[in-house]
Amino acid sequence: MANAKKECTTRRKFCRRLAGAAFTGALAGLETMAMQDPKSKGEAVGNEEHLAAACGIYCGACPAYLAKHGEDEQIKMKRQKKSSSGLEKALKGIPPSNWMDGLLCDGCLSGGKLAAHCQTCNIRLCALDKQKDLRCTDCNELPCSRITGLINMGGYLHRKEYLPNLKKIREMGVQKWIRYEEERWRCPKCRLPMSWYDAECLRCGAKRSERVFSLEQG
C-alpha cells in the first residue's frame, strides 16, 4: 500500500514537472518569435536597399539616419553637440545647421521609424502606391511636379542629386549603387560616414571627399 501511494506521488510530481517544462517552452517559443521580427525591411533581406530613397537620395548620409545609426555613441554625442552648439544662418543651397536636430530615421524604405517629413513625403507615398520597387526609378511620369517641386524648395544642394541618382540606380542597379554611395559618403581619411552637409569629418577633421557635392556652391 505504501509503495503504491509513493508511486502515485512520484507520478504526480513528474506530470507537474512535464507540464511546467511545456509551459516554459511555449513562453520561450513566443519570445523567440518576437525577437525574430526585424527592425526594418533592409535587415529582413540582409542588405541596405532601404537607403536608396524613393526620390533617389542616399539616406545613409542623412543627418536623421546618422543620428540613429552612427558608428558609436561618442560620434553620435559629438554630432548632437555640434548641431545644437549654435544656429548658423542658412546659406544659399545649404539649410540652417539645426534643420534636423532631434530627428531619428531608419531610412525611406526601411519599414521602420521615419522622420516626420519622410512619413508624409508625397514622393514616397506616390512611389509606394504606383512603383514596383517603391522608388521613382522607372516612373514614366518622371520628372513629375512632386519631385521637381521638392528639388526647387529651398534649392538645397542634396536635392539636386535626386534625378541624377535615379538615373544611376537604373543604370547600375540598386545594390551596386548603394555600395557606390556608401563609399562616396565616407571620410576620405578615417572612413567615418559623413552627412550631406558635413564640411569636415567629425572624428578626424579631414575635409569632405571631392566625390561629393561642394558646399562652396552655397
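The values are calculated or read from the model by the stated rules, or taken from the named source; none is laboratory data. Nothing here was measured: the structure is a model prediction, and the numbers come from that model. Neighbour counts are summed over all protein chains in view; Cβ atoms, including those assigned to glycine, are modelled from backbone coordinates with ideal geometry. Please note that ligands, DNA and RNA were not included when accessible areas were found on the heavy atoms of the full protein model with its side chains. Shrake-Rupley method; radii C 1.70, N 1.55, O 1.52, S 1.80 Å.
Counting only helices (runs of 4 or more DSSP H) wholly contained in segment 120-206, no element carries 3 or more residues that are at pLDDT below 95, in contact with a Cys (Cβ under 9 Å, 6 or more places away or on another chain) and open to solvent by 50 Å² or more (accessible area, probe 1.4 Å). If we scan segment 175-190, do we find a residue that is free of Cβ contacts under 8 Å to residues at least 12 places away in the same chain and more than 17 Å from the chain's Cα centre (by Cα)? Scanning segment 175-190 turns up at least one residue that is free of Cβ contacts under 8 Å to residues at least 12 places away in the same chain and more than 17 Å from the chain's Cα centre (by Cα).
Of the residues making up segment 133-149, those that are of a type in the set (D, E, K, R) and within 20 Å of the chain's Cα centre (by Cα) are Asp133, Arg135.
Total residues in segment 189-218 satisfying the condition of being closer than 20 Å to Lys68 by Cβ and not hydrophobic (A, V, I, L, M, F, W, C): the figure is 6.
Condition check ((1) within 20 Å of Ser214 (Cβ to Cβ); (2) of a type in the set (Asp, Glu); (3) within 15 Å of the chain's Cα centre (by Cα)) across all residues:
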residue: Gly107; (1), (2), (3): no, no, yes
residue: Gly112; (1), (2), (3): no, no, yes
residue: Ile151; (1), (2), (3): yes, no, no
residue: Tyr156; (1), (2), (3): yes, no, no
residue: Glu171; (1), (2), (3): no, yes, no
